[in-house]
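Notes to accompany the following structure.
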Amino acid sequence: MFSKVLFGRYVPTNSFIHRLDPRAKLVLSFYFIVIIFFANSWLAYAFLGLFTLVVILSTKVKLGFFWDGIKPLIWIILFTVILQMLFSNGGHIYWHWGIFSITQFGLINGGYIFCRFLLIICMSTVLTLTTPPLLIADAVESLMKPLIKIKVPVYEIALMLSIALRFVPTLLDETQKIMNAQRARGVDFSTGSIWKRIKSVIPILIPLFISAFNRADELATAMEARGYRGGEGRSKFRILQWHGKDTAACLVMVVVTIVLVGVRLYS
Amino acid sequence: MAKTRIRGIIYAAQLAILLAISAQIIIPLPLIPFTAQTLAVGILATISDIRLSTWAIGGYLLLGLVGLPVFAGGTAGLGVLFGPSGGYLWAFFVQAWLISLVNKKADKYLIVGNLVGAFSQLVIGAIWLKFTSQLGWQAALTAGITPFLIPAVIKAVLAALIGQLLLRRLREPLQLR
């Protein structure tokens, strides 16, 4: 159950998208999520869908990996779409029962929302499939740097993130051990009454918290003993570089925006 | 316990991972799976001060943002944070703040703070659901709150109990200076 968490979902294929600067990818995928909310016609969604498909194909990552990213979310999306269809009014009424009704507007809105979330998830999956977590973390730190001026402790946030990334495998290991230890004592996490199953979480969580505290104390003592002082002025092992292709990617997104605005104005 | 700032930051990192792990601990129940995630947020907010819980929750969301599948069901990325259910994740901040605030006023009754926090988390998640999915208020509140109410109450009670046990061991709440 935990093996997937270890490595993120990065799939190395060395495509054009892989080689883009992680900052460009992070900003552009965020930007895409924002402009998607401007789409309000089938034409706009078809255009954005086509664009997303081109991006997905150009990553050279097998489509199965994208499906793995979308699959766990598809139920939440379908759930909101069904809600949308059952509860909205307007247009021709196809079916009616109590407070529920399926109407023309409900169906159209449901379709729009389905497309919107599907595209958002596809694009954010492109980011996580083509960029290793450590590089995205570097990009986050680099993009947050201007916030130092308003006293946001950017270096410390980056330090926390890299410590967390470093210790995820350790704590997962610990969790697995604790669960096995409980199983060896006869705890069964999947059978028994509801209350019994819920109670079985307690003997996992308490040792987990305690061991995390102990580890934090040990690490803190080690770092304090070595006189560690924050990230300011420290040199970096991985240095991010902005290339021409990153600017090109931004220009492509500008074109996408212009087309989207055009479609909105003329429909 | 956290005497220096660096110690607090390390605690925040460890607590962020605990949130990530607890989101993957799922007890299969009929209808809605019971995850230990909101329970862990409750415990976290009960045992640490407002600043440390903010850092830890921020760290957890960042872990998901950089692509580790740490959100419920092994999901990750911007798409989850800004998807229909993203509000329940952002609302962890408010949940933790309210728990800390209420507990400061009435630390004999940790359950009260946890109930207030858990309920507000559901409300904010449902409001987010309403706006991102363009639902009506009735639909969003019915679907976004009611199914989770009973589990939320159970988790709030458990969080208060476990938090109490941990606090006794820690002697004083964890802090970030």
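Hey, does the range B:44-60 have a residue that's crowded, with 24+ Cβ neighbours inside 10 Å, within 7 Å of another protein chain (Cβ to nearest Cβ) and either more than 14 Å from the chain's Cα centre (by Cα) or on the phi < 0 side of the Ramachandran plot (or both)? Yes; the residues of the range B:44-60 include at least one that is crowded, with 24+ Cβ neighbours inside 10 Å, within 7 Å of another protein chain (Cβ to nearest Cβ) and either more than 14 Å from the chain's Cα centre (by Cα) or on the phi < 0 side of the Ramachandran plot (or both).
The residue pairs whose first member lies in the range A:237-258 and is in contact (Cβ under 8 Å) with a residue 24 or more places away in the chain, whose second member is surrounded by 14 or more Cβ atoms within 10 Å (Cβ to Cβ) and among the β-branched types (Val, Ile, Thr), and whose beta carbons are closer than 7 Å, counting only pairs six or more residues apart or on different chains, are A:Thr257/A:Ile35. Got at least one residue in the range A:145-168 being over 22 Å from B:Leu176 (Cβ atoms) and polar (S, T, N, Q)? There is no residue in the range A:145-168 that is over 22 Å from B:Leu176 (Cβ atoms) and polar (S, T, N, Q). Scanning the range B:125-177 for residues that are more than 20 Å from the chain's Cα centre (by Cα), more than 9 Å from chain A (Cβ to nearest Cβ) and at pLDDT 85 or above returns B:Lys130, B:Phe131, B:Trp137, B:Arg168. If you go through the range B:22-39 and pick out every residue that is assigned to a helix (DSSP H, G or I) and free of Cβ contacts under 8 Å to residues at least 40 places away in the same chain, you end up with 2. Can you find a residue in the range A:76-90 that is surrounded by fewer than 20 Cβ atoms within 10 Å (Cβ to Cβ) and on the phi > 0 side of the Ramachandran plot? Looking for residues that are surrounded by fewer than 20 Cβ atoms within 10 Å (Cβ to Cβ) and on the phi > 0 side of the Ramachandran plot, one finds at least one in the range A:76-90, hence yes. Within the range A:35-75, restricting attention to residues that are under 15 Å from the mean Cα position of the chain (by Cα) and hydrophobic (A, V, I, L, M, F, W, C), the residue that is surrounded by the most Cβ atoms within 10 Å (Cβ to Cβ) is A:Leu73. Inspection of the range B:123-131 identifies at least one residue that is in a helix (DSSP H, G or I) and either closer than 26 Å to A:Ile202 by Cβ or free of Cβ contacts under 8 Å to residues at least 12 places away in the same chain (or both). Here is a list: B:Ala23, B:Ala16. Which entry is facing another protein chain (nearest Cβ under 8 Å) and either under 24 Å from A:Pro169 (Cβ atoms) or touching a Gly at 6+ places or on another chain (Cβ under 8 Å) (or both)? The unique qualifying residue is B:Ala16.
Name the residue, out of A:Phe87, A:Phe114, A:Phe100, A:Phe105, that is over 31 Å from the mean Cα position of the chain (by Cα) and of a type outside the set (S, T, N, Q).
Working: A:Phe87 fails: over 31 Å from the mean Cα position of the chain (by Cα); A:Phe114 fails: over 31 Å from the mean Cα position of the chain (by Cα); A:Phe105 fails: over 31 Å from the mean Cα position of the chain (by Cα).
Checking each option against the conditions leaves just A:Phe100.
Taking the criterion of being within 28 Å of the chain's Cα centre (by Cα) and either over 24 Å from A:Ala137 (Cβ atoms) or facing another protein chain (nearest Cβ under 7 Å) (or both), the residues of the range A:214-237 that qualify are A:Arg215, A:Ala216.
Table: residues versus (1) in contact with a Ser or Thr (Cβ under 9 Å, 6 or more places away or on another chain); (2) in a helix (DSSP H, G or I); (3) farther than 30 Å from A:Pro169 by Cβ.
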{"residue": "A:Phe32", "(1), (2), (3)": "yes, yes, yes"}
{"residue": "A:Ala44", "(1), (2), (3)": "yes, yes, yes"}
{"residue": "A:Leu57", "(1), (2), (3)": "no, yes, yes"}
{"residue": "A:Phe65", "(1), (2), (3)": "yes, yes, no"}
{"residue": "A:Pro72", "(1), (2), (3)": "yes, yes, no"}
{"residue": "A:Met85", "(1), (2), (3)": "yes, yes, yes"}
{"residue": "A:Trp95", "(1), (2), (3)": "yes, no, yes"}
{"residue": "A:Phe105", "(1), (2), (3)": "yes, yes, yes"}
{"residue": "A:Leu129", "(1), (2), (3)": "yes, yes, no"}
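I'd like to know if the range B:84-96 contains one or more residues that are in contact (Cβ under 8 Å) with a residue 12 or more places away in the chain, small (Gly, Ala, Ser), at the interface with chain A (Cβ under 8 Å from one of its Cβ atoms) and closer than 16 Å to A:Thr80 by Cα. Yes, there is a match, as at least one residue in the range B:84-96 is in contact (Cβ under 8 Å) with a residue 12 or more places away in the chain, small (Gly, Ala, Ser), at the interface with chain A (Cβ under 8 Å from one of its Cβ atoms) and closer than 16 Å to A:Thr80 by Cα.
Taken together, the residues in the range B:154-177 that are surrounded by fewer than 17 Cβ atoms within 10 Å (Cβ to Cβ) and of a type in the set (S, T, N, Q) amount to 1.
The values are calculated or read from the model by the stated rules, or taken from the named source; none is laboratory data. Please read all numbers here as calculations on a predicted model, not as lab measurements. Here Cβ is always computed from backbone atoms with ideal geometry, including for glycine, and neighbour counts include all displayed protein chains.
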